[in-house]
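The values are calculated or read from the model by the stated rules, or taken from the named source; none is laboratory data. Source: prediction; values computed, not measured. Cβ placement follows ideal geometry from the backbone for every residue including glycine, while neighbour counts extend to all protein chains displayed.
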Amino acid sequence: MSKFDTFDFNQAIPIISEDTEFFPLLSPQDEDEMRNEDIPEILSILPLRNTVLFPGVVIPITVGRDKSIKLVKEAYKGDKTIGVVSQKDMSVEDPGFDQLHKVGTVASIIKILQMPDGNTTVIIQGKQRFKLQELVQSEPYIKAKVERFAEEKPKTSSKEFKALISSIKELALQIIQLSPNLPSEAGIAIKNIESPTFLVNFISSNLALELPSKQELLELKDFVKRAKLLLEHLTSEVQILELKNQIQNKVRVDLDKQQRDYFLNQQLKTIQEELGGNTPDLEIEDLKKRAKSKKWPEDVKQHFAKEIEKLARINPAAADYSVQLNYLELLLDLPWGEYTKDKFDLNRATKVLDKDHYGLEKVKQRIIEYLAVLKLKNDMKAPILCLVGPPGVGKTSLGKSIAKALGRKYTRMALGGVRDEAEIRGHRKTYIGAMPGRIIQSLKKAGTSNPVFVLDEIDKIGSDFKGDPSSALLEVLDPEQNTHFYDHYVEMEYDLSKVMFIATANSLSTIQPALLDRMEIIEVNGYTIEEKIEIAKKHLLPKQREMHGLQNKDVTLNNKVIEKIIEEYTRESGVRGLEKKIGSVVRGIATKIVMEKPHSANVNAEVAEEILGAPIFDKDIYENNEVAGVVTGLAWTSVGGDILFIESSLSPGKGKLSLTGNLGDVMKESAAIAMAYLRSHAEDFGIDYRIFDHWDVNIHVPAGATPKDGPSAGITMLTALTSLFTQRKVKEKLAMTGEITLRGKVLPVGGIKEKILAAKRANIKEIILCKSNKKDILEIKEDYIKDMQFHYVSEMSEVIDLALLKSKVKNAKDINRFNTEPAKEK
């Protein structure tokens, strides 16, 4: 039921037509009697929300308030007389005395009806005006003292008055004729009204006026002034209706003309097809219309006009017609000069990046710097960023976050395995099945000329007899050249300078040097265990819960369980493998929920191991140093950092050096340099130089099935050989990385952060590095490496002093007895 007491004119029509006694046409005598009736000193007041009741007029109202229902029922049992007053504010649900207009109408309740929808409809007839004096009661409904609102009786005999009434009647009939929604019965009623006062009241009540205008008509004492004001409203309404009808007729004529033209054009097109004509068809006209709204450069505009003329000369049945049509549609679909507006709210951009990605501070800072400069300069060539790092660290998804932070469109192009230059530059139109390059296709899909464009796996581009895609990318990724990028299919230069290209790669070694020079390299290193725990809680677990239809309350993982999964079931720099394992745990819980097996939402270590199986990796993979010649090294791989063990052993022989473990050329050279340096500096380490001629040395790097190469194991191999020949222990929990020269200098190496993270996972406590690598350590948060000690060296002698203990290992080999004895030949 409605909360308000409202008047519904649509309900009035059927009620009036079904029972004519509710719609008496008052004569002047009846009106005089009604006007002279005494009114009670105190009246029950019924507030109305959206209409004004005029004397003599019968209207139905829907009563919805509890107070109002009680009021009308009690009045209907009594003298059926109430006071009806309009609210000042229609939105007030329960108006007080001060929220009512001061002038209202005494009304008589004719009938109360219960409608089929459950609402109560009351039919009331206005009697005469009154004015509110003071409030008598507020509950259960308003009662107030009232006084008669005297009305000045007009002189009906004057010509001016008769002309005024006649004009009002004519305009009212004209409105009924112009309005298709008004019933014809209303016109008949107006014609039969004899009383001028009732005529004005009746039209004022039913005219579509705002509530304040109706209230103004009610409150005017001078009848002539009231009639003139009503005439103004009627004149305005007639003008509006006439204007609306003119507009509708004009639109109808335009539509009829368009339909006629369409049918004629269709017939003409059919005739032309039968005759084999070459005249332009509707498709060409549509292309021309679309071209008018494009904001393209003048040279492109001229080129399009030339090409569309060429299309008009081609027979639609010819094969070239569809080729030319596809070309023109591509020109129209490309976003020439269309740009999205960048959002320069740096605080918002920071929040977006922090919400989507944990860590990666260097990348986020670079994006904020770009936004800041762009805001100051308002016109800047977009940088070419290259995010380099192991798989699963969020390089590709970072592109989406950057697009969201900038407020730009996002598009992505996978370059892995691309071998055809036409994938970048497109095919020439003369070829069968020619298509634009994927750069242009992506911009067409994005619908803007400044999207965030991710070039995924740029290090995995191939090349063959079809061309070199890497060389084709040189023009795309050069800020000085990409303002005039030329696609073979488009045959027009396209401006790519506003596109923000973000390339991703796992390794820089396979990227063409010229291409690498055009990009700004940003390393996205692996995550520490602490970072992985935060990422799992904030991103991976909620994502897996949503993917598997679970709620937050269904499955939770605490820090200890997540750490167990990280250390015992994954060994990676990124979090892709971690996400898979968390997905397995979530699926296990989902299975138990569906099968109604007992389970706990808070997954503990035992439940996680039950679902994932036995641990795959040992938490502590560090090997002891009880055997001489075994040293822990640090390596960088395509999937992040890792530790490796350099093992060496002696056997009687003639000084032969053997290398095993599937080593590459660089590591073989490092072993040879280490052996040469040790032989030339044997006296410095307390080794008799003659020992080298009587013992064979074997250097082995475990996991022989995995190829290993790189300039990182030089100092590790030299330390292993020195430990072997001196039989001195290597310190516990120690690892190292660095390259050496024949002079014993320690050279810096790359991938330091990944290597340090790998060492931390293996519970390494001390690291030996080149002094030049100190800057790489400073980029790592102190919280992540607070339990680790770093030694920075520049000479190989410093490495030996730091790595080897003074004491020999237990059961040290006695190799000195072979100083002068030659090796026994079989």
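Where in the range 117-231 are the helices (runs of 4 or more DSSP H), entirely inside, with at least 1 residues that are within 30 Å of Glu93 (Cβ to Cβ) and at pLDDT 80 or above?
Values: elements: 159-178, 184-192, 196-206, 211-219.
Correct list: 196-206, 211-219.
Quickly run through the range 319-331 and pick out the residues that are surrounded by 16 or more Cβ atoms within 10 Å (Cβ to Cβ) and of a type in the set (A, V, I, L, M).
Hits for the range 319-331 are Val323, Leu325, Leu328, Leu330, Leu331.
Given the condition loosely packed, with under 14 Cβ neighbours inside 10 Å, under 30 Å from Pro390 (Cβ atoms) and assigned by TED's automatic domain parsing to the domain that holds Arg761, answer yes or no: does some residue in the range 630-645 qualify? Reasoning before the result, please.
Of the range 630-645, the ones loosely packed, with under 14 Cβ neighbours inside 10 Å are 638.
Subset that is under 30 Å from Pro390 (Cβ atoms): 638.
Add one more test, that the residue is assigned by TED's automatic domain parsing to the domain that holds Arg761, and what stays is 638.
Yes; the residues of the range 630-645 include at least one that is loosely packed, with under 14 Cβ neighbours inside 10 Å, under 30 Å from Pro390 (Cβ atoms) and assigned by TED's automatic domain parsing to the domain that holds Arg761.
Just give me the residues in the range 484-516 being in a helix (DSSP H, G or I) and either touching a residue at least 24 places away in the same chain (Cβ under 8 Å) or within 19 Å of Glu457 (Cβ to Cβ) (or both), in sequence order.
Step one: filter the range 484-516 for residues in a helix (DSSP H, G or I), giving 484, 513-516.
Once the filter is applied, which keeps residues that are in a helix (DSSP H, G or I) and either touching a residue at least 24 places away in the same chain (Cβ under 8 Å) or within 19 Å of Glu457 (Cβ to Cβ) (or both), the range 484-516 yields Pro513, Ala514, Leu515, Leu516.
On the basis of being out of contact with any Pro (no Cβ under 8 Å at 6 or more places or on another chain), within 30 Å of Glu491 (Cα to Cα) and in contact (Cβ under 8 Å) with a residue 12 or more places away in the chain, does Gly337 make the cut?
Answer is no for this residue.
Suppose we filter Gln133, Gln87 for residues that are without any contact (Cβ under 8 Å) to a residue 24 or more places away in the chain, polar (S, T, N, Q) and either under 19 Å from Ser195 (Cβ atoms) or surrounded by 13 or more Cβ atoms within 10 Å (Cβ to Cβ) (or both); which single one remains?
Working: Gln87 fails: without any contact (Cβ under 8 Å) to a residue 24 or more places away in the chain.
Result of the check over Gln133, Gln87: Gln133.
Restricting attention to the range 564-580, which residues are under 30 Å from the mean Cα position of the chain (by Cα) and of a type in the set (Lys, Arg)?
Correct list: Arg576, Lys580.
List pairs: first in the range 678-694 and in contact (Cβ under 8 Å) with a residue 12 or more places away in the chain, second of a type in the set (D, E, K, R) and part of a helix (DSSP H, G or I), Cβ under 6 Å, 6+ apart or cross-chain?
Qualifying pairs under 6 Å: Phe692/Arg679.
Name the single residue that is nearest to Ala628 (Cα to Cα) among those in the range 652-681 being part of a helix (DSSP H, G or I) and charged (D, E, K, R). Let's see the steps before the verdict.
Within the range 652-681, the first condition is being part of a helix (DSSP H, G or I), and the residues that meet it are 665-680.
If we keep only those that are charged (D, E, K, R) as well, we get 665, 668-669, 679.
On the way: Asp665: 26, Lys668: 21, Glu669: 22, Arg679: 18 Å.
Taking the candidates together, the pick is Arg679.
So how many residues does the range 682-707 have that are in a helix (DSSP H, G or I) and of a type outside the set (Val, Ile, Thr)? Outline the logic, then answer.
Going residue by residue through the range 682-707, those that are in a helix (DSSP H, G or I) are 683-685, 689-693.
Narrowing further to those that are of a type outside the set (Val, Ile, Thr): 683-685, 689-690, 692-693.
Residues in the range 682-707 being in a helix (DSSP H, G or I) and of a type outside the set (Val, Ile, Thr): 7 in total.
Return the total of residues in the range 384-408 being in contact with a strand residue (DSSP E or B) (Cβ under 7 Å, 6 or more places away or on another chain) and either among the polar types (S, T, N, Q) or surrounded by 18 or more Cβ atoms within 10 Å (Cβ to Cβ) (or both). Outline the logic, then answer.
We begin by selecting, within the range 384-408, every residue in contact with a strand residue (DSSP E or B) (Cβ under 7 Å, 6 or more places away or on another chain); these are 384-390, 395-396, 398-400, 402-403, 406, 408.
Restricting the remaining residues to those that are either among the polar types (S, T, N, Q) or surrounded by 18 or more Cβ atoms within 10 Å (Cβ to Cβ) (or both) gives 384-390, 395-396, 398-399, 402-403, 406, 408.
Number satisfying all stated conditions: 15.
Looking only at the range 56-73, count how many residues are within 51 Å of the chain's Cα centre (by Cα) and of a type in the set (Val, Ile, Thr).
Total meeting the criteria: 3.
Take Glu194 and tell me if it is within 21 Å of Gly126 (Cα to Cα), of a type outside the set (A, V, I, L, M, F, W, C), assigned by TED's automatic domain parsing to the domain that holds Lys228 and over 60 Å from the mean Cα position of the chain (by Cα). Reasoning before the result, please.
Values: within 21 Å of Gly126 (Cα to Cα): yes; of a type outside the set (A, V, I, L, M, F, W, C): yes; assigned by TED's automatic domain parsing to the domain that holds Lys228: yes; over 60 Å from the mean Cα position of the chain (by Cα): yes.
When the stated conditions are applied, Glu194 passes them.
Would you mind telling me which numbered condition in (1) buried (at least 17 other Cβ atoms within 10 Å of the Cβ); (2) closer than 20 Å to Leu477 by Cα; (3) at pLDDT below 85; (4) in contact with a helix residue (DSSP H, G or I) (Cβ under 7 Å, 6 or more places away or on another chain) Met380 fails?
(1)
Name the pairs: first residue in the range 304-321 and in the same structural domain as Glu285 (by TED's automatic domain parsing), second residue in a helix (DSSP H, G or I) and surrounded by fewer than 15 Cβ atoms within 10 Å (Cβ to Cβ), Cβ to Cβ under 6 Å, at least 6 apart or on different chains?
Ile314/Asp320
For the range 708-734, which positions are over 18 Å from Ser807 (Cβ atoms), in a strand (DSSP E or B) and hydrophobic (A, V, I, L, M, F, W, C)? Before the answer, list the steps.
Initially, the range 708-734 is screened for residues over 18 Å from Ser807 (Cβ atoms), giving 708-718, 721.
Keeping just the survivors that are in a strand (DSSP E or B) gives 708, 713.
Residue satisfying the conditions is Ala713 alone.
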